[in-house]
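Trainee: Please see the structure below; I have some questions.
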Amino acid sequence: MNKPLRIALTKGRLEKDTIGLFEKIGYDCTAVKEKGRKLILPITDGNIEVVLAKANDVITYVEHGVCDIGVVGKDTIMEMKGKFFELADLGFGKCKFALATKKGEKFYGGYDIKTIATKYPNVARNHFEAKGMDIEIVKIEGSVELAPLLELSDGIVDIVETGTTLKENGLEVIEDIAPISARLIVNMVSMKLRQKEIEALVKLVEDNI
Ligand code: PRP
């Protein structure tokens with residue numbers, strides 16, 4: 001038997017849905033579900049090894065070829081770019097990138113340079129550059145909603161899922177930027193060397209989403 005295909009899986013929000021998908025395919029995911037503190041888990045009946053990692057690291061591991069496949073959000077892909085194939089939209093982990101401000105505040109128009117707080121500086125820069133707008137970007141690591149409330153920024157570019165965080169903090173979406181969902185990515189060399197196995201797995205995934 002070939003060595004297992006190594007799949008980097010984003011820990012947290014996408015983890016449960018990805019395991020759900022693997023179970024729907026028919027794989028025994030007991031080891032992954034009962035992982036404890038272990039980070040590399042086998043799915044022996046699929047000849048797969050699951051590596052649990054943070055979203056940015058999923059991309060790093062797949063780009064470097066130490067994992068053949070990755071499951072990661074389009075948000076991270078848009079922010080990090082990188083060289084890999086994006087083969088399937090898994091349909092879960094749905095949310096969106098949006099521009100939000102304090103409720104009722106005017107953002108567009110006027111001549112002053114606006115400040116945007118975000119965890120996704122590249123996504124924000126690309127969005128406003130495409131409009132030919134000069135923007136100052138402040139990188140924030142968590143709860144970016146705080147920035148406009150503290151008057152650090154005029155708006156935020158962030159992920160919106162249910163909209164509850166914005167609502168509870170007196171903010172509102174003024175523009176949708178891009179839809180987000182979980183994607184299956186594949187290392188470029190793995191795609192050549194293990195094409196048959198990867199295509200078979202992608203087919204199984206596509207048949208079960
Ligand atoms: C994300 C995002 C928002 C929140 C939106 O943060 O940055 O704060 O979810 O979700 P909602 O529209 O359903 O309220 P996350 O919970 O992923 O935490 P993080 O700050 O660790 O990224």
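The values are calculated or read from the model by the stated rules, or taken from the named source; none is laboratory data. The structure displayed is predicted, hence computed values, not measured ones. We place every Cβ from the backbone using ideal geometry, glycine too, and count neighbours over all the protein chains shown.
Trainee: Residues 76, 60: which one is within 17 Å of residue 7 (Cα to Cα), in contact with a helix residue (DSSP H, G or I) (Cβ under 7 Å, 6 or more places away or on another chain) and either at pLDDT 95 or above or crowded, with 18+ Cβ neighbours inside 10 Å (or both)?
Mentor: Going through 76, 60 in turn, just one is within 17 Å of residue 7 (Cα to Cα), in contact with a helix residue (DSSP H, G or I) (Cβ under 7 Å, 6 or more places away or on another chain) and either at pLDDT 95 or above or crowded, with 18+ Cβ neighbours inside 10 Å (or both): 76.
Trainee: Something else: Output the residues belonging to the stretch 21-45 that are of a type outside the set (Val, Ile, Thr) and in contact (Cβ under 8 Å) with a residue 40 or more places away in the chain.
Mentor: Once the filter is applied, which keeps residues that are of a type outside the set (Val, Ile, Thr) and in contact (Cβ under 8 Å) with a residue 40 or more places away in the chain, the stretch 21-45 yields 21, 24.
Trainee: I need the full set of residues from the stretch 62-88 which are out of contact with any strand residue (DSSP E or B) (no Cβ under 6 Å at 6 or more places or on another chain) and farther than 28 Å from residue 155 by Cβ, in order please.
Mentor: Hits for the stretch 62-88 are 63, 64, 65, 66, 83.
Trainee: Report those strands (runs of 3 or more DSSP E) wholly inside the stretch 100-179 carrying at least 1 residues which are without any contact (Cβ under 8 Å) to a residue 60 or more places away in the chain, under 18 Å from residue 80 (Cα atoms) and among the hydrophobic types (A, V, I, L, M, F, W, C).
Mentor: 114-118, 135-139
Trainee: Hey, another quick one. Among the residues of the stretch 53-76, write down those that are in a helix (DSSP H, G or I), farther than 25 Å from residue 196 by Cα and of a type in the set (A, V, I, L, M, F, W, C).
Mentor: Listed by number, the list holds a single entry, 55.
Trainee: Quick check on residue 204: is it more than 13 Å from the ligand (Cβ to nearest atom), assigned to a helix (DSSP H, G or I) and surrounded by 15 or more Cβ atoms within 10 Å (Cβ to Cβ)?
Mentor: The answer is yes for residue 204.
Trainee: Take the stretch 103-125 and flag every residue that is of a type in the set (D, E, K, R), buried (at least 16 other Cβ atoms within 10 Å of the Cβ) and either touching a Lys or Arg at 6+ places or on another chain (Cβ under 6 Å) or under 19 Å from residue 164 (Cα atoms) (or both).
Mentor: The one that is of a type in the set (D, E, K, R), buried (at least 16 other Cβ atoms within 10 Å of the Cβ) and either touching a Lys or Arg at 6+ places or on another chain (Cβ under 6 Å) or under 19 Å from residue 164 (Cα atoms) (or both): 119.
Trainee: Among 8, 55, which is the only one that is over 12 Å from the mean Cα position of the chain (by Cα) and in contact (Cβ under 8 Å) with a residue 40 or more places away in the chain?
Mentor: 8
Trainee: Suppose we filter 32, 51, 72 for residues that are of a type in the set (A, V, I, L, M), closer than 30 Å to residue 160 by Cβ and within 16 Å of the ligand (Cβ to nearest atom); which single one remains?
Mentor: 72
Trainee: How about the stretch 125-162: which of its residues are within 13 Å of the ligand (Cβ to nearest atom), touching a strand residue (DSSP E or B) at 6+ places or on another chain (Cβ under 7 Å) and closer than 21 Å to residue 181 by Cα?
Mentor: Listed by number, the residues that qualify are 144, 156, 157, 158, 159, 160, 161.
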